[in-house]
Amino acid sequence: MSTGEEGPSLISEDEIKNEITRVMKALYERGLVSALGGNVSARVPGASEFWITPSGVFKGAVNVDDLVKVDLDGNVVEGVLRPSTETPFHAAIYKVRPDVNAVIHAHNPVTLGLALAGVNLKPISVEAIMTLRKVEVVPFAFPGTDQLAKLVADAALKGARAIILMNHGVVGMGANLLEAEAVVETLEEVATAQFVAMVLGKEPPVIPEKDVELYMKLYFQG
Ligand SMILES: [Zn+2]
């Protein structure tokens, strides 16, 4: 594998803040978050504080001055607005996953719809294997609560890159914002393709187990 795919190792706080606002706007334009739904956070790799989108601000036009910096206990360190109500689960993920430097929460409608119907996402595409890798589902817990943060942290500890929050939405994680963004978008792509096959009355064929194992061996081991 070539190096450098994880992006620059030195990223400034300003770059992180700009990237958060870009991702938030992109998610809104793709219909993966609504006017007041969804939240995005990121940190300088390994930092014990992170930047997060504010609560109660239109998600299609969040700008860098709206962002709030919080510590891993959710205390505000910098910024004038209130941090996202989902700050507890963002913090919980950073606490248990040192490899994660970006967390995105969105309301992917098709992904959520399949989960509500009890349908698991399957390895129907290369991206479903390479980008999603491991998807966990957690039962409903009220938004913003410590209970939800605990459920999310437990799922993150299992090595998940994507978590489906039942009756609510999704969480994507990555080493940087681009990775987390790809996870959230791929969830919806895979869910939509699977949904189309099912609507047409077909059980979608999946990539054979031996090929899934080969991909994992080639890209994720050694
Ligand atoms: Zn939400």
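If the reach is capped at under 16 angstrom between alpha carbons, list the lysines near residue 158, excluding any in the same chain fewer than eight residues apart.
Cα-Cα hits under 16 Å: 95, 134, 150.
Once phi is turned into ³J(HN,Hα) by the Karplus curve 6.51 cos²θ - 1.76 cosθ + 1.60 with θ = phi - 60°, what whole-Hz value does each residue of region 187-204 show in order, with x for glycine and proline?
Coupling constants for region 187-204: 3, 5, 4, 5, 4, 5, 4, 5, 4, 4, 4, 5, 4, 7, x, 10, 8, x Hz.
Apply the Karplus curve 6.51 cos²θ - 1.76 cosθ + 1.60, θ = phi - 60°, to the phi angles in region 18-27 and return the couplings in whole Hz, x for Gly and Pro.
4, 5, 4, 5, 4, 5, 4, 5, 4, 5
Using +1 on the beta carbon of Lys and Arg, -1 on that of Asp and Glu, and nothing else charged, what's the dipole of region 13-220 about the Cα centre, debye to 20? Before the final figure, lay out the partial values.
Values: 19 positive and 26 negative charges, 89 e Å.
Using Cβ point charges on Lys, Arg, Asp and Glu, region 13-220 gives about 420 debye.
Average the reciprocal distances over every distinct pair of alpha-carbons in the chain, invert the result, and give the Kirkwood radius in Å. Each step should come with its number before you reach the end.
On the way: mean 1/r = 0.0565 Å⁻¹.
Computed over Cα pairs of the chain, the Kirkwood hydrodynamic radius comes out at 17.7 Å.
What is the spin-label model distance, in nm, from residue 96 to residue 130 if the labels are put 7 Å beyond Cα along the C-beta direction?
Taking the two extended label points, one gets 2.9 nm.
Could you go through region 167-181 in sequence order and give the Karplus-derived ³J(HN,Hα) for each residue, using 6.51 cos²θ - 1.76 cosθ + 1.60 with θ = phi - 60°, rounded to whole Hz, and x for Gly and Pro?
6, 8, x, 9, 10, x, 10, x, 5, 8, 5, 4, 5, 5, 5
Report the gain in length on full extension from residue 122 to residue 213: 0.36 nm times residue separation, minus Cα-Cα distance, nm rounded to one decimal.
Working: separation 91, 0.36 × 91 = 32.76 nm, distance 1.43 nm.
Between residue 122 and residue 213, full extension yields an extra 31.3 nm.
Mind ranking 203-210, 25-32, 57-64 by how tightly packed they are, going by the mean number of other C-beta atoms within 10 angstrom, highest first?
Details: 203-210: 11.4, 25-32: 17.5, 57-64: 15.4.
Descending packing order for the listed peptides: 25-32, 57-64, 203-210.
Charges on Cβ only, +1 for Lys and Arg, -1 for Asp and Glu, centred on the Cα centroid of region 54-211; of 184, 167, 101, which one is farthest towards the dipole's positive end?
Projecting each Cα onto the dipole axis, the largest value belongs to 167.
FYI, it's all coordinate maths here, none of it is from the lab. From a predicted model like this one, the values you see are computed outputs, not experimental measurements. Because the Cβ atoms are built from the backbone with ideal geometry, glycine has one as well, and the counts that use them run over all protein chains shown.
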